[in-house]
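Here's the structure, in structure tokens; my notes come after.
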Amino acid sequence: MQSLTKLATLACEKTLSMTCQPPAPHKSFAYGDLVPLGFVLKALNQAVVTEENPELNIARQNLQQLLLNRQEDELWAFHTQRLITATDSSLVLLGLDKPESVQALEKFADGRGGYYPQLWARDKQPGKMQLDDSCRHWCQVDYGTTCLVKWLRNSAGLESKTDVDYLANGFEQRGGLYFANPYFVDWILAEAISEDENAAC
């Protein structure tokens, strides 16, 4: 529990971030100060339920407030003041109870049950990735993100827009661009269908 409290404290002091290590000769830099905190907050939420520890609860509240302060239009980026995405927002929301933010993810829906990781446009527009040939592969529905949104909608008591057949048909592509490890997606998928009667074998 002390390590969880320390992680939350470091995050709130703005000293916790992932590190991007680009190819030489470019230097590494801090990048990823929001998304990892969704996992830390989820762990703190579960720990607070089982442990009567004032320090743990304070750390949880502080971390929750930090994430709420960094939201833009109810959603989040991977790093503060960068592009808001469905993938990053969903991972942050693992630690937050915010149905209105879950509903806001619908702007990434493709209308057929899937969710795009981010929005894009050919010209510069706020909240959208500028499209060119180098990033065209990012402009497709993402299986892991879709599973995350279904899980979050279920947890928030919102109607699911993704049926089990859709997820079953995409299962072989679950390890993809944003979630290279298929076992991580297996966990997300299991949570996404855990309360769906149609998922029974």
**Asked** Can we say TYR115 is under 18 Å from GLY144 (Cβ atoms) and hydroxyl-bearing (Ser, Thr, Tyr)?
**Response** yes
**Asked** With ARG136, ARG112, ARG82, ARG60 as the choices, which residue is surrounded by fewer than 16 Cβ atoms within 10 Å (Cβ to Cβ) and part of a helix (DSSP H, G or I)?
**Response** ARG136
**Request:** Within the range 64-79, work out how many residues are over 26 Å from GLN21 (Cβ atoms) and assigned to a helix (DSSP H, G or I).
**Result:** 4
**Request:** Just name the residue that is surrounded by the fewest Cβ atoms within 10 Å (Cβ to Cβ) out of those in the range 166-201 that are among the small types (Gly, Ala, Ser) and in a loop (DSSP other than H, G, I, E, B).
**Result:** ALA200
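Looking at the structure I just gave you, is SER160 buried (at least 16 other Cβ atoms within 10 Å of the Cβ), closer than 20 Å to LEU41 by Cβ and out of contact with any strand residue (DSSP E or B) (no Cβ under 9 Å at 6 or more places or on another chain)?
Values: buried (at least 16 other Cβ atoms within 10 Å of the Cβ): yes; closer than 20 Å to LEU41 by Cβ: no; out of contact with any strand residue (DSSP E or B) (no Cβ under 9 Å at 6 or more places or on another chain): yes.
So SER160 does not fit the description; no.
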**Message:** So LEU91 passes all but one of these: (1) assigned to a helix (DSSP H, G or I); (2) touching a Phe, Trp or Tyr at 6+ places or on another chain (Cβ under 7 Å). Which condition number does it fail?
**Reply:** (2)
**Request:** Report, ordered by the first and then the second residue, all pairs with beta carbons closer than 7 Å, sequence separation of six or more or different chains, a first member in the range 75-104 that is farther than 20 Å from GLY157 by Cα, and a second member that is modelled with pLDDT under 95 and among the small types (Gly, Ala, Ser).
**Result:** PHE78/GLY32; HIS79/GLY32; ILE84/GLY127
**Prompt:** If you check every pair at least six apart or on different chains, which have Cβ atoms under 7 Å apart with a residue in the range 20-47 that is farther than 25 Å from THR145 by Cβ first and a residue that is buried (at least 17 other Cβ atoms within 10 Å of the Cβ) and not charged (D, E, K, R) second?
**Reply:** ALA47/LEU4; ALA47/LEU56
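A quick yes/no check of all residues on (1) at pLDDT below 90; (2) not small (Gly, Ala, Ser):
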{"residue": "LEU10", "(1), (2)": "yes, yes"}
{"residue": "VAL35", "(1), (2)": "no, yes"}
{"residue": "ALA47", "(1), (2)": "yes, no"}
{"residue": "ASN53", "(1), (2)": "yes, yes"}
{"residue": "GLN61", "(1), (2)": "no, yes"}
{"residue": "ARG82", "(1), (2)": "no, yes"}
**Complete:** Conditions (1) more than 20 Å from GLY111 (Cβ to Cβ); (2) assigned to a loop (DSSP other than H, G, I, E, B) -> GLU159 fails only (1)
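Please tell me if PHE179 is among the aromatic types (Phe, Trp, Tyr) and at pLDDT below 90.
Numbers: among the aromatic types (Phe, Trp, Tyr): yes; at pLDDT below 90: yes.
Yes, satisfied.
Find the residue count for the range 139-154, including only residues that are free of Cβ contacts under 8 Å to residues at least 40 places away in the same chain and either surrounded by 20 or more Cβ atoms within 10 Å (Cβ to Cβ) or part of a helix (DSSP H, G or I) (or both).
Residues of the range 139-154 that are free of Cβ contacts under 8 Å to residues at least 40 places away in the same chain, as a first pass: 139-141, 146.
This time we only want the ones that are either surrounded by 20 or more Cβ atoms within 10 Å (Cβ to Cβ) or part of a helix (DSSP H, G or I) (or both), so: 146.
Residues in the range 139-154 being free of Cβ contacts under 8 Å to residues at least 40 places away in the same chain and either surrounded by 20 or more Cβ atoms within 10 Å (Cβ to Cβ) or part of a helix (DSSP H, G or I) (or both): 1 in total.
The values are calculated or read from the model by the stated rules, or taken from the named source; none is laboratory data. On a predicted model such as this, the values are computed, not experimentally measured, just so you know. Note: ideal-geometry Cβ built from the backbone for every residue, glycine included; neighbour counts use all protein chains shown.
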